[in-house]
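The numbers here are math on the coordinates, done by the rules we state, and not lab data. Please read these numbers as outputs of a predicted model, since none were measured by experiment. When we count neighbours, we look across all protein chains shown, and the Cβ atoms used for this are built from the backbone with ideal geometry, even at glycine.
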Amino acid sequence: MNQPEYPGLHHCPGRRRFLKAAGLTGAGMLALNTFGCAGSTPQKKPAAPPDISDLAVRVGVQAIPKGTADADIFKAIQRTAEAATDFAWLSKGDVVFIKPVANSPNPYPATTAPMAVRAMTSLLLSKGAGKVIVGDKPGVMSVYHEKDKRRGSSREIMTRLGLHAAADEAGAEVHYFDEAGYDAYSGYRPMNPGHWKGELMLPDILNHVDHIVLLPRVSRHVLAGTTLGLKAAVGWLRDDSRLEFHRDADSFFEKIAEINDTSVLRQKLRLTLSLATEVLSTYGPDKGYAAQPNTGLAFASESLLAHDMTALGWLLWNREFETPQGQISWFGDPYTGIPSSLNRGFVGYIWGLSHWLDYTHYDPVPITSVQTDPVITRAAQLWGGLPRLELEDVNGNLPHTIRDYLLAKAT
C-alpha cells in the first residue's frame, strides 16, 4: 500500500485560510516573522529529568500486523483493554463517557479510528455499563463557540469521520459539547498548584458520568511536539479556556498536563487506549506523514502517564524507522523551529489583534525520550514521578526490537 503524504499547510484548507489571513494582515497582527520566515526560534534546553517512582504500572500491548482484518482488529482492541484493566471499577448500570479525538475532519490517524470507538463501546456494554456516551469537540479551526456565536459543528465533523455512526451502531449515545450550550460547562482548578490563571471550563456532562475512557491516537503536533493522551484533554476545554492556553504560551506545555490534574478528570479517568496501526509521524495534528509500520500496535493502561510513555516511544520509533527522512524537514515538520510563531499567528487569526499583542512566547523542546518530553515530565512532577513500565505482550507477538525500544525511551 502506498504511504499517503500530507505536506502540511499546502493541503489543509483551514491552515491555507490561516496563512492567507496572515498575508492580508501582515502589516500588523500577523507580521512576516510570525510564520518564522525571518529565521528559526532557538530551542531551549529540556527541564531537569523528573523523578523515577517505585511504582510499576502495567501497559497492555498487542502487535497488529499490517493487513489484519477489521474483525480481528476489533478483537485486538478489546483484548488490549482487558489486559490493561480488570474492570473492577465498573459496576452494573454505571455510565461511561468515551472521549475520542476528533480535532479535525481528517480521518485516522489524524483522529481516533472509528473501530476503537466501536470496540470499546461494545466491550463496556458487555461488562455491564448501563450507558456509554461518546463525545468530543474539534479544534477552533473547525468548531468555534462563544456565548452568542457558533461556527462549525461537532456533529458534522464526527459524522464525517465515522465516529458518530461507530458509537451509535455499537449502542452508545453521542454527546456534542457545542450543542449542549455555552453555559453547559463548570469551572475547575488543577489539584496541584499550576500555571492556569482562570478556571478551566469543562463540560457539565462530566458531572453526570461515573467513568471516563480516553481513546487518543499517536501523532506529532506542530505546536506541542506530540499529541498523545495528555494532549487530548484540550478537547474538553471551552473556547475561552482554549484562548488562555494558546495566548499565555510561556507555560504552554505545563498547561496541557495540568488540564488532566483537575479533580473531575483525575477521579474519573479509568483507562486510556490507543489504536496505533498508523501514526502521524510528522507535522500534526491534522496533517502529516502517515506511517504504516508492518507491525502496528494497540496499547492501553489505567495510568494516563504510563500510556503516554508508551505512546511517545511508539511515535519516536515511527519517526526513526518508518518515516522517510526527507519528510522530517523544517517545512514538513516545523515544531523544531517555529511553533511559538505559528501559535501566535493562530491566536491572532482566531481571537484577534488584542490577544495577539498579549501573547507570551515559548521555545520548542527537543523530544527524544520520555525524559525530555515537557508534557510528560510535567505530569510526572504532578503525580509522583515516572512509573516503571511493565509491558504485557497481549498475544505473544510483540517483536523484541519494538519492546526494547519502547522501554528504552521510557527510562
Positive dipole terminus of the chain, leading residue within Pro190, Val264, Ser340 (C-beta point charges): Ser340
Run the dipole for the chain about the Cα centre, Lys and Arg Cβ at +1, Asp and Glu Cβ at -1, nothing else charged, and hand back the magnitude in debye, nearest 20. 660 debye
For the stretch 215-310, what does the alpha-carbon gyration tensor say about shape, rounded, prolate or oblate, given a ≥ b ≥ c as the root eigenvalues, a/c under 1.5 as rounded, and a/b over b/c as prolate? oblate
Correct semi-axes for the stretch 55-141, from √(5λ) of the alpha-carbon gyration tensor and rounded to whole Å with the largest first, are 22, 19, 14
List the aspartates and glutamates whose Cα lies under 13 Å from the Cα of Lys149, skipping any in the same chain that are fewer than 8 positions away. Asp178, Glu179, Asp183, Asp239, Asp240
Residue-ordered couplings for the stretch 208-224, obtained by feeding phi - 60° into the Karplus form 6.51 cos²θ - 1.76 cosθ + 1.60 and rounding to whole Hz (Gly and Pro as x), are 10, 10, 8, 9, 10, 10, 9, 10, x, 10, 9, 7, 5, 9, 5, 9, 10
Give me, ordered by chain and number, the residues 5 or more places off Glu390 or on other chains with an amide H under 5 Å from its own placed amide H. Val57, Arg58, Val59
Which of Lys66/Lys255; Lys147/Lys231; Lys99/Lys127 exceed 27 Å between C-alpha atoms? The answer is Lys66/Lys255
Rel. contact order, % - alpha carbon contacts under 8 angstrom, at least six apart, the stretch 124-234: 18 percent
Counting only other residues whose beta carbon sits under 11 Å from that of Val117, what net charge do I get with K and R as +1, D and E as -1? -1
At a threshold of 8 angstrom on Cα-Cα distance, excluding pairs fewer than six apart, so keeping six or more, what relative contact order does the chain reach in percent? 27 percent
With a/c under 1.5 counting as rounded, go ahead and sort the stretch 132-234 into rounded, prolate or oblate using the C-alpha gyration tensor (a ≥ b ≥ c being the square roots of the eigenvalues; past the cut-off, prolate if a/b is larger than b/c, else oblate). rounded
Residues with amide H under 5 Å of Thr262's amide H, sequence separation 5 or more or different chain, H placed in the peptide plane at 1.01 Å from N; which? Met191
By average C-beta atoms within 10 angstrom, highest first, the peptides 343-352, 373-382: 373-382, 343-352
Give the shape of the chain as rounded, prolate or oblate, defined through the alpha-carbon gyration tensor: a ≥ b ≥ c are the square roots of its eigenvalues, a/c under 1.5 means rounded, and otherwise the shape is prolate if a/b is larger than b/c and oblate if not. rounded
